[in-house]
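First up is the structure itself, then whatever we jot down about it.
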Amino acid sequence: MAHPLTHLPMSPQEQAEQRRGQRLLFVSLLFAVLLNFPLLAVFDHAGQLGGIPVLYLYVLLAWLALVLLTGWLVRRNNEQ
């Protein structure tokens with residue numbers, strides 16, 4: 001038998017928190033894929049762009065995108 005309180009509807013604030021958690025989980029999984037071996041191997045060659053090795057540039061740009069996307073998601077949900 002289920003607990004009677006488990007079927008209560010969630011408030012709009014609780015729903016927003018749940019959506020934010022799901023989005024942040026998706027972002028973390030996305031960047032786990034982007035910073036894992038198969039994609040890193042694509043950029044691991046002797047090429048340089050502006051004197052910076054391509055692999056370093058890829059990792060730094062992926063990290064910057066992670067920080068910006070996470071900040072945007074958190075700020076957007078705090079404003080609502």
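The values are calculated or read from the model by the stated rules, or taken from the named source; none is laboratory data. These numbers were taken from a predicted model, which means no experiment stands behind them. No Cβ is skipped: glycine too gets one built from the backbone with ideal geometry, and neighbour counts run over all protein chains shown. These area figures cover heavy atoms from the full protein model, side chains too; ligands, DNA and RNA do not enter into them. Shrake-Rupley method; radii C 1.70, N 1.55, O 1.52, S 1.80 Å.
The listed residues are Leu57, Leu5, and the only one of them that is modelled with pLDDT of 90 or more and in a helix (DSSP H, G or I) turns out to be Leu57. Annotation note: Cβ proximity below 8 Å between a residue of region 68-80 that is at pLDDT 90 or above and a residue that is among the aliphatic types (A, V, I, L, M) and open to solvent by 50 Å² or more (accessible area, probe 1.4 Å) (sequence gap 6+ or interchain) occurs for Thr70/Leu24.
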